[in-house]
Amino acid sequence: MIKLALRGIRASLGRLVLMTVAIVAGVGFVSGAFILSDSLSGTFTNLIADATAGTDAQIQATEPEFGQDPVSLPQSLVDTVAALPEVGVADPAVGVDSEQNFRPFVILRDDGSRVQPQGGPVISFSWNGDTGSFITSAEGTPPVGIDQTAIDSGYAEAAGVSVGDQVRMSTPGGERTFTVSSIVEPSVAAGAYYVLFDFASAQELFGKEGQVDQIALTRASGVSTDDMITAVQTVLPPEAEVLNQAQVVDEFSAGFEQVIGIFRNAMLTFAGIALFVSLFIIYNTFAILVNQRLQQIGMLRAIGATRAQVRRGILVEAVIVGVVGSAVGIAFGLVVAFGIKSAFQATGGFPETGTVVAPRTIIVSLLVGLVATIVSALLPAFLAGRVSPIAAMRNEAPSRSTRTRRIVIGSVVLAIGLVLMGLGLFGGGSASSVLVPLAFGAIFTFVGVAMLSVLFAGPAVDLMGRAPVLGVALLGMGLLLPVLTFTVGKGLPGGPFSGIVFVIKMLVSVVAVLTGASILASLARGGRTVGIGGSGAGLEGRLARQNAARSPQRTAATATALTIGIALVATVGVVGQSLKATFADTLERAIKADLFIYDENGSPFSGQLANQMEQVDGIGVISRFRANEVRLADGDVTSLSAFNADTGEQLLTFGVTEGSIDGLTDNGVLVFTDEAESRGLAVGDTLPVEFPDGQTEELTVSGIFDDNSVLNSPLLVDLSTYERHIPAADDFFVGATVAEGADRAAVQTEVQSLADGFGSISVQNTGEFLDSQEDQIDSLITLINLLLAFALFVAFLGVINTIVLSVIERTREIGLLRAVGMTREQTRATIRWESVIVCLFGAVLGIVLGVLFAAAAVVAIPEGIIDSVSIPWESLVFAILFAALAGVLAAVFPARRAANLNVLNAITTPGT
Amino acid sequence: MTETETSASPLPPPPPDALSDTAAAQAVNAVKIYGRGDTEVHALNNVSVSFERGAFTAIMGPSGSGKSTLMQCMAGLDRLTSGATFIGGVALSTLNDKALTELRREKVGFIFQSFNLIPTLNARENIRLPLDLAGAKPDKAWFDQVVSATGLGDRLDHRPNELSGGQQQRVAVARALASRPAIIFGDEPTGNLDSHTSAEILDFMRTAVDELGQTIVMVTHDPRSASYADRVLFLSDGHIVDEMAKPTADQVYDRIRSLGG
Ligand SMILES: Nc1ncnc2c1ncn2[C@@H]1O[C@H](COP(=O)(O)OP(=O)(O)O)[C@@H](O)[C@H]1O
Ligand SMILES: [Mg+2]
């Protein structure tokens, strides 16, 4: 049987190669996800290990709570620890980073703008001048005294400074000038930039006099690290902890692992979708192979092969194909990982990494590929076992499940899927209690739909393949697409990426219009083959349609592969569009400001800008907006926003339903309606709030508001309340109105030129602001679609696969057609047409499912986020036409193969 | 004018006026060699033959004698190694694939031993196939005549797998007739049928020649089938070795025996 399986593989090598490609793609994405994430975390772990090499342990403050700055330790601890006989050297350090403390140390250019390359954080800490561990090498001499600094080479390059230059920096104590005494290479760059001072100067500059953040410990000679740690622990205050080097590395990489884990899971999700799609293709290929070998199987049965032997033969074939496909897939994963890594590195902020292929990667990838192949081959193998010798002689396919059985099983599977999806959507709870039932629900739903679609695939493709239907549909949708693009869509493109998308859309539209028109024209002329793509409206169309309808099982499986991809694209599109529509609605209602000023990287920016804006002619009113985390009496940490209460209402709508905004200036707080309800707060109540400075303030509820769409904070206070506890003078966001009668554009230009001095600040009018908010949703949709392109690509391979198989299967028939006068072009047109209608069937089914999924999701998502279903017509029409075009492309190779068949050989091919 | 070339020595091609203007199809010094070197097979060894319009010709000969090769080359399904074949005065070697394909669907009809019909098309659609491929409007009267001659009546809307073998072959004959070709080639068209059904089909073909004026060339193994023809050619080792006019089954049988086939 193994010998036969090997022979079978050799005989149908071409068919198996295409199927292998489907496995390779799916497994490749799985292994690529592992390889990339392993490489990344390996790199980080090594870097951290290198950076901390040479120290045996480290004292640090215990983990801070609710987003506060880490607590610093008293400097006296350094002496206490150093006095221990077990401790050799105790080296203290202080640090501060721009994320936590509003970029205190940023180099300023001559024009006052901040040197903030690519939005990476600028991190400052003390450096004792040692090289070899964290700082691998240094040019110049380590900084000494409050006027000297060392910066890393990346930052030096961005600022254009070298050793000995003077640089101006913004610091928490105002602007200062430093001499760059050294330019250093840190071992961990990872997109951050470093500004370093000596320990004493750092303490002074960071406002941490008498405090330390970290004490690096080296053990005394002859003492073990454990003994030293035990000794140190006896003198540590409760807010401090001591970790050995391995623990430091672990703690550090745990943080990265979390980020990398999210990234890996996202990639694995899309790899899983691609793999799921490839199951249908593998299944289809085996089903067709079994069908083509009916006579061989029947003969084997006749001469005494048992059912089990026949089945085993098919499964052995599956195992071989699965192993080969997975092995190649792992290699392909290297390519995928390398491609993604290069893409990220090109955009910056990604460290150089080695390539880690862990044993786990190889085992999981092999298993996944193998299991996928075997699972898909199970049903065909089972059917092969049922082939009776007689039936095989008569060349009859083994009887499959009856119509009723198919309806029953398909409906049950579908129902399970729908119930699971419903549980996921409406059950609520944690992320995994939503996602797990949703994912399994989707899998069951697709399998159920695939089973049931066999029932209507025949009539459906028969209808879709009719020349008048196809002609009118292509022509109509081709004309509709540009209309939609210029009305509801984005119209002419802005950037290079949207430019490419635009060109593709217009091309697809032109091809669809020409094809549709040529089909209709050829119909009008009585069905001769004419026009672009040789879309014969007559016989070719009929043959194609009947071929597609002839084996509904195959058509349904092929189409389902496409359906899955397109359904997900449509779901994302519809949910995204609905989100945008709701978002635009609420934002339009909520905003009254004319100008919106914020940092493109989302970082806070100097309060000086708002001060300067006040001097601009034509500015009406201004409010600053800031936010931070606070703790409530029950320990909950929540976000609190602050703004100028006297002008705020002229810039945003808060929808105050009870009380009023006026009380804010008098230590009041506005509470969001849901929050007020869940905490049982009413106007006049007192709400104790603990600010990050550790002080608790008794705020009075002065009002309840219900429009939270811009600030997205449950608590709003006046700026004066906020500044008492968080004095840093940086704003998150500034809103302004333009005075009556002033030239809006001129005011905007002037504010923008002011803002240019403060870094990457954008100044937008209402329309631009709304657009930029929608663009963020669009970018997310685009990203997801790019990832789903994996799955669509696999489905595309599936279509090629099926069409090639169908050409092989019909070799004799094609030969006969050619003999009685079908031209090569007519042959190609027939194959092309068949491929197009299979793709269209898959696409239409996918869009129907996708819209239904999205509608369910919209119902499940709270109304505050999405309130109604909104259909992205442009994208959906584009998806259908794109699928049709993909059908044409998928048919290129099989059609050429069919057209170039040697007529005589084809006719004399042993019958199938 | 009929040529019976039995010499194996290569002859210079006959002058153009040697072409018969009453012939539906003609082969001149046809040579077909399969393979190369040691495995070289001379399937046709300088065959010249002409098929008169309105005649029913049978070709007989032992297996491997080149009957199928001759038909395939004359029908434009395959190309000769040397020599020329003509259909309606057109030299097939001068045509490219597209022109050859169009010639096949307009001037040539085929009946194969089996697998003659497209399984997804019903009987009527199969009969119309060459016309539909050409995008031509069928000559209604002719089409009806051909269809009624098949005697299929109400089975015309059935797919091939719903028809008996004999019915399928009748559809194949009708399909070959539908475009009113210059000539119809049949390679053992009744080879798969029992003698009764076989006789039906041969009657049908005979009628097509007598009443519809068609030209038919048919390969057969069966002397009784050959007796339906106006003329029988005997092929052996790629040569035409003999011919017989107005054959009876017994005469053919005797001749085959004397040829050692
Ligand atoms: N495609 C081919 N390749 C090689 N040899 C062939 C091919 N087709 C036919 N032959 C050989 O040519 C000779 C004539 O074959 P054919 O015309 O089919 O004979 P017939 O139809 O009289 O049985 C035979 O010896 C056969 O083996
Ligand atoms: Mg033969």
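The values are calculated or read from the model by the stated rules, or taken from the named source; none is laboratory data. Worth saying up front: this structure is predicted, and the values here are computed from it rather than measured. Here the Cβ is made from the backbone with ideal geometry for all residues, glycine too, and neighbour counts use every protein chain on show. For accessibility, only protein heavy atoms count, side chains too; no ligands or nucleic acids. Shrake-Rupley method; radii C 1.70, N 1.55, O 1.52, S 1.80 Å.
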Practice item. Would you be so kind as to identify which of A:Ala240, A:Phe276, A:Leu294 lies farthest towards the positive end of the dipole of region A:239-361, taking Lys and Arg as +1 and Asp and Glu as -1 on Cβ and the Cα centre as origin? Key: A:Leu294
**Study point:** Along principal axes, Cα extents of the protein assembly as shown, largest first, whole Å
**Key:** 129, 78, 59
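Taking a ≥ b ≥ c as the square roots of the Cα gyration tensor eigenvalues, with a/c under 1.5 meaning rounded and otherwise prolate when a/b beats b/c, else oblate, which class fits region A:732-867?
Details: a/c = 4.09, a/b = 2.76, b/c = 1.48.
Prolate shape, in that a/c is at least 1.5 and a/b is the bigger ratio.
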Point to revise | DSSP-defined beta bridges in the protein assembly as shown - what % are antiparallel, rounded to 5 | key: 75
Review point. Over the Cα atoms of region A:602-759, how large are the radius of gyration and the largest Cα-Cα distance (Dmax), in Å?
Key: 16.4, 50
Review point. In the full protein assembly as shown, how much of A:Tyr193 is accessible to a 1.4 Å probe, in Å² to the nearest 10?
Key: 30
Exercise for review: Tabulate in residue order the Karplus-calculated ³J(HN,Hα) for region A:709-717, using 6.51 cos²θ - 1.76 cosθ + 1.60 with θ = phi - 60°, rounded to whole Hz; enter x for Gly and Pro.
Suggested key: 6, 9, 7, 6, 10, x, 10, 10, 10
Point to revise | Accessible area (Å², per residue) of chain A, counting only protein heavy atoms and a probe of 1.4 Å | key: 42
**Study point:** Dipole-positive endmost among B:Val28, B:Pro181, B:Ala91 within the protein assembly as shown (Cβ charges, Cα centre)
**Key:** B:Val28
Exercise for review: For chain B, would you read off the P(r) tail past 31 Å as a percentage of all alpha carbon pairs?
Suggested key: 23
Exercise for review: Would you mind putting B:93-105, A:246-258 in packing order, based on average other-beta-carbon counts within 10 Å, highest first?
Suggested key: B:93-105, A:246-258
Check your understanding: Which lysines have a Cα lying under 20 Å from the Cα of A:Lys505, excluding residues fewer than 8 positions away in the same chain?
Key -> A:Lys490
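Sorted from largest to smallest, which semi-axis lengths in Å does the alpha carbon gyration tensor of region A:774-816 give for its equivalent ellipsoid, taking the root of 5 times each eigenvalue? Mind showing how you got there, number by number?
Numbers: eigenvalues 316, 13, 3 Å².
Its equivalent ellipsoid spans semi-axes of 40, 8, 4 Å.
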Study note, to complete from the structure: TM-like helix rule applied to chain A (DSSP H, alpha carbon span at least 27 Å on the long axis, mean Kyte-Doolittle at least -1.0) gives A:13-51, A:245-292, A:307-346, A:359-386, A:403-427, A:431-464, A:467-486, A:496-524, A:552-590, A:766-809, A:824-860, A:873-899
Point to revise | Residue mean of other protein chain beta carbons inside 10 Å, B:118-131 | key: 4
Exercise for review: Report, in whole Å, the centroid distance computed from the Cα atoms of region A:609-670 and region A:806-835.
Suggested key: 73
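Report the antiparallel proportion of the DSSP beta bridges in region A:602-759 as a percent, rounded to a multiple of 5. List each step's numbers first, then the result.
Details: 27 of 36 bridges.
That works out to approximately 75 percent antiparallel.
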Review point. Roughly how big is the A-B contact, given as buried accessible area in Å² (both sides, 1.4 Å probe, nearest 100)?
Key: 2400
Review point. If you roll a 1.4 Å probe over region A:156-260 with all protein chains in place, what percent of the accessible area is carbon or sulfur?
Key: 47
Revision key, fill the gap. Taking Cα atoms only, helix B:97-107 is inclined relative to the longest principal axis of chain B by an angle, in degrees rounded to 10, of 60
Practice item. Determine how large the accessible area of A:Ile303 is when every protein chain is in place; take a 1.4 Å probe and give Å² rounded to the nearest 10. Key: 130
Practice item. Kindly express, to the nearest 10 degrees and within the range 0 to 90, the angle between helix B:249-259's C-alpha long axis and the longest C-alpha principal axis of chain B. Key: 30
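Counting DSSP beta bridges with both partners in region B:185-261, what percentage is antiparallel, nearest 5? Don't skip to the end; give the middle numbers.
On the way: 6 of 9 bridges.
Here the share of antiparallel DSSP bridges comes out near 65 percent.
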Exercise for review: Calculate one ³J(HN,Hα) per residue across region A:628-645 by plugging θ = phi - 60° into the Karplus curve 6.51 cos²θ - 1.76 cosθ + 1.60, and present them in order as whole Hz with x for glycine and proline.
Suggested key: 7, 9, 9, 10, 8, 4, 7, x, 5, 9, 9, 8, 10, 10, 10, 7, 7, 5
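About its Cα centre, how strong a charge dipole does chain A have in debye, to the nearest 20, once Lys and Arg get +1 and Asp and Glu get -1 at the Cβ?
Details: 51 positive and 82 negative charges, 2197 e Å.
Rounded to the nearest 20 debye, it is 10560 debye.
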Practice item. About the Cα centre of region A:602-759, how large is the charge dipole given +1 on each Lys and Arg Cβ and -1 on each Asp and Glu Cβ? Please answer in debye to the nearest 20. Key: 300
Check your understanding: In terms of Cα to Cα distance under 20 Å, which aspartates and glutamates are near enough to A:Lys341, apart from those fewer than 8 places away along the same chain?
Key -> A:Asp38, A:Glu257, A:Glu352
Check your understanding: Picking from A:Ala633, A:Leu711, A:Val656, whose Cα lies most toward the positive end of the charge dipole for region A:602-759 (charges on Cβ: Lys, Arg +1; Asp, Glu -1)?
Key -> A:Leu711
**Study point:** Number of partner chain Cβ atoms within 10 Å, mean per residue of B:176-183
**Key:** 1
**Study point:** Shielding by other protein chains, A:823-833, mean Cβ within 10 Å
**Key:** 2
Check your understanding: Here are some pairs, B:Lys98/B:Lys246; B:Lys32/B:Lys246; B:Lys67/B:Lys107; which of them have Cα atoms lying more than 31 Å apart in this structure?
Key -> B:Lys98/B:Lys246
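Divide by every residue of the protein assembly as shown the summed helix terms, -39500 (n - 2.57) for each DSSP H run of at least 4, and state the resulting mean residue ellipticity at 222 nm, rounded to the nearest 500 deg cm²/dmol.
Details: 36 runs with 622 residues, N = 1173.
Value at 222 nm, helices only, nearest 500: -18000 deg cm²/dmol.
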